[in-house]
1. For the stretch 104-125, does any single residue satisfy the condition of being exposed (fewer than 14 other Cβ atoms within 10 Å of the Cβ) and basic (Lys, Arg)?
2. Given (1) under 22 Å from Glu146 (Cβ atoms); (2) of a type in the set (D, E, K, R); (3) surrounded by fewer than 13 Cβ atoms within 10 Å (Cβ to Cβ), identify the lone condition not met by Asp69.
3. Give the residues of the stretch 147-159 that are on the phi < 0 side of the Ramachandran plot, outside any strand (DSSP E or B) and at pLDDT 95 or above, sorted by residue number.
4. So which residues in the stretch 63-89 are within 13 Å of Asp21 (Cβ to Cβ) and over 10 Å from the mean Cα position of the chain (by Cα), if there are any at all?
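The values are calculated or read from the model by the stated rules, or taken from the named source; none is laboratory data. Since the model is a prediction, treat every value here as computed from it, not as a measurement. Reconstructed Cβ throughout: ideal geometry from the backbone, glycine too, with neighbour counts over all protein chains shown.
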Amino acid sequence: MTESPLMNSDHLVVRRAVDADAAAVAEVWIRSFDAALPTVRRPRGNDRIRAWFVEKIVPTRETWVAEADGAVVGMMVLHDGDLDQLYLDPDWRGRGLGDRLVAVAKERSPEGLELWTFQVNTAAQRFYERHGFVESFRTDGSENEEREPDIRYAWKPRA
């Protein structure tokens, strides 16, 4: 599936990313992370994050972009049953874009999804809980690169 009419609007398209999108995907990730998580230490600088998206993430993982008038304004990565990354350009928060990306994730993984979010990211917690994700457990952050306490969430479809 590369695109579906359900995911289109007048100026917004949700589609699978291609290699040429990798730089724009990285920029959305950087802007979003910095805006949403200003207290979380990033273990890599911007250049390494950009290289990670160009060399590893977009070419090897199921990456989706939300594009408005030709510009990438949101991104999502699905990998091994995880909603691994979901970041929106800060100017695009609160417009339903995250809802559309989660709908794609659920459509792509109808058996269920899991994800991590940092404990300090209460907005993300409210967002995921609104979409039916349930907290599984919390950690002290000792096993993630950021050394930031986090929460594991799971979504299972209704029987």
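1. No - not one qualifying residue is present in the stretch 104-125.
2. (1)
3. Glu148, Pro149, Lys156
4. The answer is Ala66, Glu67, Gly70, Ala71, Val72, Val73.
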